[in-house]
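Working notes, structure below.
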Amino acid sequence: MTVTWEERGWERLGAGVGRIRLPGWDCTAGLIVGEGAALLIDAGSSPAEGARLRADAEALAGGRVTHLALTHPHFDHVFGAAAFAGAELFGAAGVEAALSGRPAREELRADAVRHGLPAAEAAEAADALAVPRHQVTGERTLDLGGGHRVLLAAVGPGHTAHDLAVLVPGGPALVFCGDLVEESGPPQAGPDAVPSRWPAALDRLLSLGGEDALYVPGHGAVVGAGFVREQRDALARRFGVEG
């Protein structure tokens, strides 16, 4: 029996491509289904949420999730990664420093608790956190089969020092932006943000996708190039970045 995106509560964005807005922090997770392979983008905010995402993704793909890309090292995007044992895990180069070691994991745990994740779930997720084995410098293409090729691009720093975007070519192209772009509220600049480089990261996103692409924010509704450009200009003004 074929399962539709809508039946699982997902938004279909194209042939074999969709996303879900997760409860709590309105965080996006994306899915690209190929032939015998499937890529999930971001893993949710806890092991339990990751397990639910995996069940959804495998029902929609008709098979296991073979690849997982983490757009940046914040708890609401990575704490579900332990649910994807056996998947090839990708992140921007250097992201392992933000996800491994006791101090880094303790900061992620504490940040999750500050934002409302129950302490026991946060501790479990931090202890089990998976670190990307594949570090992307520049760009890397993944062939998922069935005509589905996606491009992973390290476009940061900006929202963090390790921002990864995912381009799905097509008509229109789709760009999964992580939290470099936010629609449901102003972009959040925490202590690990690199504000002076954020506008340039959005320039790279726009160059990657082009004027006709759809841009999928880390939080909020899908937007067009005009929205990304306006957010880029607003960030430049906010942080006093010229150009």
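The values are calculated or read from the model by the stated rules, or taken from the named source; none is laboratory data. Everything quoted here is computed from the prediction, not taken from an experiment. All Cβ positions, glycine included, derive from the backbone under ideal geometry; neighbour counts span all protein chains shown. Just the protein is used for accessible areas: all its heavy atoms, side chains included, with ligands, DNA and RNA removed. Shrake-Rupley method; radii C 1.70, N 1.55, O 1.52, S 1.80 Å.
Odds and ends about this structure:
- Solvent-accessible area per residue for the chain (1.4 angstrom probe, square angstrom): 41 Å²
- Mean residue ellipticity at 222 nm, helices only, the chain: -9000 deg cm²/dmol; runs of at least 4 DSSP H residues each add -39,500 (n - 2.57), and the sum is divided by the number of residues.
- For the range 177-243 and the range 73-121, distance of Cα centres in Å: 23 Å
- Here the accessible area of the chain is 51 percent carbon and sulfur, with a 1.4 angstrom probe and all protein chains present.
- Two-decimal ratio, the range 15-112, of alpha-carbon radius of gyration to 2.2 N^0.38 Å: 1.04
- The DSSP beta bridges internal to the range 109-243 are antiparallel in roughly 70% of cases.
- With semi-axes defined as the square roots of five times the eigenvalues of the C-alpha gyration tensor, the equivalent ellipsoid of the chain measures 24, 23, 16 Å, largest first.
- Net charge over other residues, Cβ less than 12 angstrom from the Cβ of residue 133 (K, R count +1; D, E count -1): -2
- For peptides 133-143, 99-109, sequence by mean Cβ density within 10 Å, most packed first: 99-109, 133-143
- The local environment of residue 80, defined by Cβ-Cβ distances under 10 Å, has a net charge of -1 under the rule Lys, Arg +1 and Asp, Glu -1.
- Computed over neighbours whose Cβ is under 11 Å from that of residue 24, the net charge equals -2, Lys and Arg +1, Asp and Glu -1.
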